[in-house]
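First the structure, in the form of structure tokens, and then the observations on it.
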Amino acid sequence: MGAPSALPLLLLLACSWAPGGANLSQDGYWQEQDLELGTPAPLEEALSSTVWSNPDLLASQDSQPWTSDETVVAGGTVVLKCQVKDHEDSSLQWSNPAQQTLYFGEKRALRDNRIQLVSSTPHELSISISNVALADEGEYTCSIFTMPVRTAKSLVTVLGIPQKPIITGYKSSLREKETATLNCQSSGSKPAAQLTWRKGDQELHGDQTRIQEDPNGKTFTVSSSVSFQVTREDDGANIVCSVNHESLKGADRSTSQRIEVLYTPTAMIRPEPAHPREGQKLLLHCEGRGNPVPQQYVWVKEGSEPPLKMTQESALIFPFLNKSDSGTYGCTATSNMGSYTAYFTLNVNDPSPVPSSSSTYHAIIGGIVAFIVFLLLILLIFLGHYLIRHKGTYLTHEAKGSDDAPDADTAIINAEGGQSGGDDKKEYFI
């Protein structure tokens, strides 16, 4: 801040420094009157050499405080930090845009409990302002009372948070293919917010956001409209208006409007069971869908008069099917939006049972049991054969007394062996 006031002195020093009585030419260069000695020298080079060779000017740069601009959301807290390299035995001071002193060093000057001291040293003065309001926006000044007084500015920008958007324009149910027009509005944003539309996950292209300044002169009200043709798929859909603003920091702020669409009914016929047979009970369900839902169902069979059934119940019941019940049946579902007729061709099958899943299950179980029984029989046969082979009993009669007489049931014959001279003992079982 002191540099501009020293500019005349610098120019004077530059003139006295130029060699040989130099003159300033029209192109901004210093020229020597003696061409043999002089060379062109830009003016900024002369000034720069003078500034950096002057110790007093270097010291003044160290005494210059510095700070930074800050952005805060309304209702939040902002910290103002001022620093200086050479304090020259002086204190730092913060003042607000109205030039009211907030803090001089560590001493509070303004009675505002929102403003608190964060740090106070010879080289730094930091304060905080909580619950920031839009009125707090502006330039804050950090000063150091040297000779001369030096200052630094900090611009505080306060963001106004947009209010939750409001959707208008929907009054009652819409008929299919009618055009829906909805309006969305949000106030209190600073700077002005942007509005977007969507239907479920589908983006809707609304009008360009309109901006109007609020009575306080600081915040803005934004609005947008969207129009689209409704279909039966839109029945029960949520139309969402979202506000986008930097103060929200990615948080969702939106409003939805559920719409109702009136459309003509549809119907389909579902048999129970799916493959009816002669002698069974059959129900034909007429499943109607619409808004409003069908209130009346009329059943007819092609080739027969009058209608079979006219009721609020949607099912046609056959207590005992006959072959004569085969044919094409029609169900007409009716609401105050219109009517729709669905058809079903009934073919009554013979009463012989059709393999069902339960009979298949029983067949599988029977096969498994038969296989297990077969394995058991094989095991019993092998076990019996084994026992028979090892059941033989050797009965050997030993001589008792002098005559060694055999018993009544066994005869033991001893025979002399062959060429080996050994005795072989042969046993016979009687």
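The values are calculated or read from the model by the stated rules, or taken from the named source; none is laboratory data. The structure presented is a predicted model; accordingly, all values stated were derived computationally and were not measured. Cβ: placed from backbone, ideal geometry, glycine included. Neighbour counts: every protein chain shown. Only protein heavy atoms, including side chains, enter the accessible area calculation; ligands, DNA and RNA are left aside. Shrake-Rupley method; radii C 1.70, N 1.55, O 1.52, S 1.80 Å.
Odds and ends about this structure:
- Some residue of the stretch 353-368 being surrounded by 11 or more Cβ atoms within 10 Å (Cβ to Cβ), β-branched (V, I, T) and either in contact with a Cys (Cβ under 7 Å, 6 or more places away or on another chain) or modelled with pLDDT of 90 or more (or both): no
- Annotation: D136 fulfils all but one of (1) at pLDDT below 95; (2) under 14 Å from P97 (Cβ atoms); the unmet one is (1).
- Selected residue (only one of T209, T179, T255 is hydroxyl-bearing (S, T, Y), more than 30 Å from N347 (Cβ to Cβ) and over 29 Å from the mean Cα position of the chain (by Cα)): T179
- Residue selected from the stretch 250-279 under the condition out of contact with any Pro (no Cβ under 7 Å at 6 or more places or on another chain) and among the polar types (S, T, N, Q), by the criterion most open to solvent (accessible area, probe 1.4 Å): S256
- The set of residues in the stretch 259-273 that are without any contact (Cβ under 8 Å) to a residue 24 or more places away in the chain and among the acidic types (D, E) contains only E272.
- Matching residues in the stretch 135-156 - criterion: being among the aliphatic types (A, V, I, L, M) and open to solvent by less than 40 Å² (accessible area, probe 1.4 Å): I144, A152, V156
- Matching residues in the stretch 245-267 - criterion: being hydrophobic (A, V, I, L, M, F, W, C) and either farther than 30 Å from S339 by Cα or in contact with a Cys (Cβ under 6 Å, 6 or more places away or on another chain) (or both): L248, A251, A267
- Considering the conditions (1) open to solvent by 40 Å² or more (accessible area, probe 1.4 Å); (2) more than 30 Å from V79 (Cα to Cα); (3) in contact with a helix residue (DSSP H, G or I) (Cβ under 9 Å, 6 or more places away or on another chain), P191 is excluded by exactly one of them, (2).
- Residues in the stretch 107-148 that are aromatic (F, W, Y) and in a strand (DSSP E or B): Y140 alone.
- Unique match (being open to solvent by less than 70 Å² (accessible area, probe 1.4 Å) and either assigned to a helix (DSSP H, G or I) or modelled with pLDDT of 90 or more (or both)) among A333, A399: A333
- Among residues of the stretch 212-249, those that are over 24 Å from the mean Cα position of the chain (by Cα), touching a residue at least 60 places away in the same chain (Cβ under 8 Å) and open to solvent by less than 20 Å² (accessible area, probe 1.4 Å), counted: 2
- Of R198, R175, all but one fail to be open to solvent by 10 Å² or more (accessible area, probe 1.4 Å) and touching a residue at least 60 places away in the same chain (Cβ under 8 Å); the exception is R175.
- One residue stands out in the stretch 305-325 among those that are open to solvent by less than 40 Å² (accessible area, probe 1.4 Å) and part of a loop (DSSP other than H, G, I, E, B): the one that is nearest to L284 (Cα to Cα), namely S314.
- If you go through the stretch 157-172 and keep only what is touching a strand residue (DSSP E or B) at 6+ places or on another chain (Cβ under 7 Å) and open to solvent by 40 Å² or more (accessible area, probe 1.4 Å), you end up with T157, I161, Q163, K164, I166, T168, G169, Y170.
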